[in-house]
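The values are calculated or read from the model by the stated rules, or taken from the named source; none is laboratory data. Everything numeric here is computed off the predicted structure, so don't read it as measured data. No Cβ is skipped: glycine too gets one built from the backbone with ideal geometry, and neighbour counts run over all protein chains shown.
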Amino acid sequence: MMTIKETFPVTAGDMTCAGDVSARIKRQMKQVGVPAAVMRRVSVGTYEAEINLVIHSLGGQIDYEMTEEKITIRVVDNGPGIPDLKKAMTEGWSTASNEVRNMGFGAGMGLPNMKRNADEFQIESTVGVGTDITMVFNI
């Protein structure tokens, strides 16, 4: 049985590298023949998570695990946490700075897009501690 596991660090504020992790994961999925529809959903979810780490967190990591049945993406960051998860899950709601919005990000679609694309989605957040997101994609 095939299992691929990898952990990728993500640096807060590093817009030049934003998207690198999701691109690396997409290349790995392509190499092992993951169906295109699954690859697209994983790529969208991972990209949104990665951008959120860069924009909103103090840094964190993306853990990636692929088996023959599913792909699991776990995103863990260091602070600041999300004060109101219900609001954060609302399309269009964002705490992104004007600088980030001027770069074309911060439209408030990250968390809703993650949930929409994943077969399973779980989020926990503690203000001052950080956020932990798990997305599962069935193959």
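Close Cβ contacts (under 6 Å, 6 or more residues apart or on different chains) running from residues in segment 118-137 that are over 14 Å from residue 80 (Cβ atoms) to residues that are surrounded by fewer than 19 Cβ atoms within 10 Å (Cβ to Cβ) and among the aliphatic types (A, V, I, L, M) comprise 119/136; 120/136; 133/123; 137/38.
Within segment 89-106, the set of residues being over 14 Å from the mean Cα position of the chain (by Cα), over 15 Å from residue 54 (Cβ atoms) and surrounded by 14 or more Cβ atoms within 10 Å (Cβ to Cβ) comprises 93 only.
Filtering segment 51-76 to residues that are modelled with pLDDT under 95 and either surrounded by 20 or more Cβ atoms within 10 Å (Cβ to Cβ) or not in a loop (DSSP other than H, G, I, E, B) (or both) leaves 51, 52, 53, 54, 55, 56, 57. Among the residues of segment 1-37, write down those that are in a loop (DSSP other than H, G, I, E, B) and more than 12 Å from residue 51 (Cα to Cα). Those that are in a loop (DSSP other than H, G, I, E, B) and more than 12 Å from residue 51 (Cα to Cα): 1, 2, 3, 33, 34, 35. If only residues of segment 108-139 that are over 13 Å from residue 56 (Cβ atoms) and of a type in the set (Gly, Ala, Ser) are counted, the one that is surrounded by the most Cβ atoms within 10 Å (Cβ to Cβ) is 118. Somewhere in segment 116-128, is a residue assigned to a helix (DSSP H, G or I) and out of contact with any Pro (no Cβ under 9 Å at 6 or more places or on another chain)? Yes - at least one qualifying residue is present in segment 116-128. If you check 69, 48, 6, 65 for being of a type in the set (Asp, Glu), touching a strand residue (DSSP E or B) at 6+ places or on another chain (Cβ under 6 Å) and touching a residue at least 60 places away in the same chain (Cβ under 8 Å), only one passes: 65.
In segment 99-124, of all residues being small (Gly, Ala, Ser), in contact with a helix residue (DSSP H, G or I) (Cβ under 6 Å, 6 or more places away or on another chain) and at negative phi, the one that is modelled with the lowest pLDDT corresponds to 110.
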